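The values are calculated or read from the model by the stated rules, or taken from the named source; none is laboratory data. Since the model is a prediction, treat every value here as computed from it, not as a measurement. Methodologically, a virtual Cβ is constructed for each residue, glycine included, from the backbone with ideal geometry; neighbour enumeration extends over all protein chains shown. Only protein heavy atoms, including side chains, enter the accessible area calculation; ligands, DNA and RNA are left aside. Shrake-Rupley method; radii C 1.70, N 1.55, O 1.52, S 1.80 Å.
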Amino acid sequence: LLERRVAIKLLHRGGQAEQERAAMLAEARMLATIRHPNVVAVHDVGDDGDAIFLAMELVVGTTLGQWLHGTTLQARLRVLHGVADGLQSLHAKGVVHGDLKPANIVVTTQGDAVIVDLGLAHRTSAPREIRIAAGTPGYWAPEVARGENASVASDVFAFWRVVEATLRGAGLPAAKETAIAGAIAKGTAEDPLARFATVAASQQALAAIVAPPRRRRGAQPVDGAGH
């Protein structure tokens, strides 16, 4: 009736129990409360009997992996900071994404990053039995690959994998390449406790590494009067 163009995601119920259906609806309603420019907006949630549906903002752009070709370092860094901001908005609501990867990040025609697929997001406080161990190999944290639940730490792992893919071939100076490699190693450490504690800490570390060197202030010129 509103004639609004939207993207619709169907979460098929299959043979799920009533408790699981209620959990899916609760998660969908929770996602609808998140409002952030770097996270796709959920406009409506419903249940047609066979599936729970999410009517979401239709984001026009290109997936991160496809967008990278021919882009500048500064454009890539802007996208990474947008992804970090979007993830932080999810974590602030007690939600982890669980499947962050380039295919789930769209870069708009304005050059902004939008996290678009929230199908595996769930509350960090959700009971273990209603969580689903799923995601994408390569962006899975080791503990998730072993069947443990996604967490802030596993989102940090995936974020640094996205950093690695985004900055590959970006033309960073050798010293910064080495520093980035060290940060990626920390962010993707086997032990979750050895990683950056939060996405915010990851973002700060990334910004510090790629920041241009500070110029030393030279001696001030002295005029003929000795002033």
> Residues of segment 177-192 being closer than 23 Å to V144 by Cβ, assigned to a helix (DSSP H, G or I) and charged (D, E, K, R), which ones?
Replying inline: K186
>> Criterion first (surrounded by fewer than 19 Cβ atoms within 10 Å (Cβ to Cβ) and either over 27 Å from Q204 (Cβ atoms) or over 20 Å from the mean Cα position of the chain (by Cα) (or both)) does V42 satisfy it?
In response: no
> What are the residue pairs meeting all of these: first residue in segment 20-39, first residue free of Cβ contacts under 8 Å to residues at least 40 places away in the same chain, second residue of a type in the set (S, T, N, Q), Cβ atoms under 8 Å, and 6 or more apart or on different chains?
Replying inline: M24/Q16
> Can you name the residue in segment 193-212 that is not β-branched (V, I, T) and not in a helix (DSSP H, G or I) and is also surrounded by the most Cβ atoms within 10 Å (Cβ to Cβ) among such residues?
Replying inline: R195
> Inside segment 59-88, can you point out the residues that are touching a His at 6+ places or on another chain (Cβ under 9 Å) and open to solvent by less than 20 Å² (accessible area, probe 1.4 Å)?
Replying inline: G86, L87
>> Can you pull out every residue in segment 34-48 that is among the acidic types (D, E) and in a loop (DSSP other than H, G, I, E, B)?
In response: D48
> If A75 satisfies every condition in (1) assigned to a strand (DSSP E or B); (2) aliphatic (A, V, I, L, M); (3) without any contact (Cβ under 8 Å) to a residue 60 or more places away in the chain but one, which is the exception?
Replying inline: (1)
> Of the conditions (1) buried (at least 17 other Cβ atoms within 10 Å of the Cβ); (2) at pLDDT below 95, R128 fails just one. Which one is it?
Replying inline: (1)
> Got at least one residue in segment 8-16 being within 22 Å of T188 (Cα to Cα) and surrounded by fewer than 16 Cβ atoms within 10 Å (Cβ to Cβ)?
Replying inline: no
>> Exactly one of these conditions fails for S151: (1) surrounded by 20 or more Cβ atoms within 10 Å (Cβ to Cβ); (2) at pLDDT 90 or above. Give me its number.
In response: (1)
> Got a number for residues in segment 163-176 being under 20 Å from G111 (Cβ atoms) and either touching a strand residue (DSSP E or B) at 6+ places or on another chain (Cβ under 8 Å) or assigned to a helix (DSSP H, G or I) (or both)?
Replying inline: 4
